[in-house]
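Participant: One structure is given below, represented as structure tokens, and several questions about it will come after.
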Amino acid sequence: FFFESLHGTFFRRHSCEAMQSMSPMLWAVGSACSTFVVLLLCIHVVTPPRMTAQQRWIFRSAPPPPDMPDARVTITNASNLMLPGRTIWVVTTACLPWRTGTSVNPTLRAAYLLQETPAKKVTLVVPWLDADGQRLVLGSLKFNTMQEQESLVRDWIEADANMPYAAQNLGILFYRGKYVQAFGSIFPTDDILGMIPSEEADVAILEEPEHLNWFHPVTEVYWRSKFNHVVGVIHTNYLAYSAAEKGGAFKTPVLYTLNRWMVAAHCDKVIKLSGTLQTYAPRREVVSNVHGVREDFLLAGDQAGRSQHAFAKDVYMISKMLWQKGYPQLFSALRYLRKKRLLPDLHIDVYGSGADRRAIMIEANHQNHNLTFIPAIDHVTLTQYKIMFNPSMSEVL
């Protein structure tokens, strides 16, 4: 999963001419050798920096010495975000207007940290895509400059999140990224750590720390070595993605190990949004829904309950339009209902956008399912349905 995507995305454009001139056997040998080199590079990159005595016992499974406080329950000056004057960086792998969990939730997290804590400065760090990347992710070229996209983010914070103070005062920093279709994700191509001034490197909140550091630059600087405190928030079940790939039985153990290396090397504390996620750093991780619920959703529910026309529609599904988001399970469930002659009039409105949208629509039409596909929309506006159907068994919910 990891190495094939690495070859296919970053090496292909440099190797097409070479492939035409090489024999298949020579190309296979060269590919195997390059994979071995990448593996050695990964081992070098993710080797954790020198740890203190306290960090060493956290990393191991052994209990702490009697004279050492348990870092799992002790709030230190480094980890206390309610101390005045902190500088906080929220680094994520997606940016509005892409309405995905790793864009919306980190944006809200950064805004609330600025508004609800005595922090001196909070900065949201998000990817910038070139024209080709924007067309793949957003469907068209939306922004010619970073400033245009920054204006949209600030407008969303002010209007949709109703946080005008944060909209005006939140720092926003862009790093250059590349959208990789095989992953359905954006990866940094800039050295993000190098973009952050050392004198402002206080607290880092890494949204998807494993994802952010799969292609960590070859440098002696790590997030934990540069920042006083680093929190990793795990959003995505990447093992489910790799298991669904060809050769998943071999790829998934490699990815499992790689993820553990990445998170252990770069995070002091790990927050998993769901227990369905793998183990990353046993003595440093907790399971907690730190996202909460937007007030807009609560208000929408109150209004729908008082309306005479509430819940006029039956069933909807909302997700990014990637096969891994539960679409095979959706089609399987619909085939089962048809076979058993259950709910013959069932119709589902499917909301979402993504790289597999066209293929999913073609397959739905081929199987003659009663589905209506509608482009992505803010979930809070979908108040007229009785049932939300989510067929995925691997999502972090």
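Where a number appears in this text, it was derived from the coordinates with a stated rule and is not lab data. Everything numeric in this text was worked out from a predicted model, so none of it was measured. Because the Cβ atoms are built from the backbone with ideal geometry, glycine has one as well, and the counts that use them run over all protein chains shown.
Participant: Over the range 47-287, what portion of Cα pair distances is larger than 22 Å, expressed as a whole percent? Working shown, then result.
Facilitator: Details: 15993 of 28920 pairs.
The answer is 55 percent, as a whole percent.
Participant: With the cut-off at 16 Å, report for the range 308-388 the share of all Cα pairs above it, as a whole percent. Intermediate results must be reported in sequence, preceding the final value.
Facilitator: Working: 1698 of 3240 pairs.
Percentage above 16 Å: 52.
Participant: Show me the ranking of peptides 97-105, 304-312, 350-358, 263-271 by mean Cβ neighbours inside 10 Å, starting with the highest. Mind dumping the intermediate values first?
Facilitator: Details: 97-105: 20.3, 304-312: 10.3, 350-358: 18.7, 263-271: 22.4.
Ranking the peptides 97-105, 304-312, 350-358, 263-271 by packing returns 263-271, 97-105, 350-358, 304-312.
Participant: While we're here: Using amide H atoms built in the peptide plane, which far-off residues or other-chain residues are under 5 Å from V350 H to H?
Facilitator: Counting only residues 5 or more places away or on other chains, the set is M317, T372, F373, I374.
Participant: At what distance in nm do the modelled label points of N80 and Q115 sit from each other, each positioned 7 Å from its Cα along Cα→Cβ?
Facilitator: Taking the simple label geometry, N80 and Q115 are separated by 2.6 nm.
Participant: Same structure, new question: Report the local net charge at Y280: Lys and Arg +1, Asp and Glu -1, summed over other residues whose C-beta lies under 10 Å from its C-beta. Walk me through the numbers before you get to the answer.
Facilitator: Numbers: positive: R260, K272, R284; negative: E210, E285.
Net local charge, Y280 excluded: +1.
Participant: Got a sec to turn the phi values of the range 198-208 into Karplus ³J(HN,Hα) couplings, 6.51 cos²θ - 1.76 cosθ + 1.60 with θ = phi - 60°, whole Hz, x for Gly and Pro?
Facilitator: 4, 5, 10, 7, 10, 10, 10, 10, 9, 7, 6
Participant: On to the next question. Each residue of the range 127-141 in turn: what ³J(HN,Hα) in whole Hz from Karplus with 6.51, -1.76, 1.60 and θ = phi - 60°, glycine and Pro shown as x?
Facilitator: Computed from phi, the couplings for the range 127-141 are x, 10, 9, 6, 4, 5, x, 5, 5, 5, 8, 9, x, 6, 6 Hz.
Participant: Moving on. Do any of K272/K340; K178/K339; K246/K272 go past 32 Å between their Cα atoms, and which?
Facilitator: With Cα atoms farther than 32 Å apart: K272/K340; K178/K339.
Participant: Something else now. What distance in nm separates the simple spin-label points at N368 and D345, each placed 7 Å from Cα in the Cβ direction?
Facilitator: Taking the two extended label points, one gets 2.0 nm.
Participant: So, one more: Can you work out ³J(HN,Hα) from phi for every residue in the range 211-220, in order, using Karplus 6.51 cos²θ - 1.76 cosθ + 1.60 and θ = phi - 60°, giving whole Hz and x for Gly and Pro?
Facilitator: Ordered by residue, 3J(HN,Hα) equals 4, 5, 10, 4, 10, 4, x, 6, 8, 7 Hz.
Participant: Now a separate question. Please list the non-local residues whose amide H lies under 5 Å from the amide H of I172, H modeled 1.01 Å from N, same-chain partners needing a gap of 5 or more.
Facilitator: Hits under the 5 Å cutoff: L124.
Participant: Under 5 Å between amide H atoms, partner at least 5 residues away or on a different chain: which partners does T189 have, H built in plane at 1.01 Å?
Facilitator: R176, G177, K178
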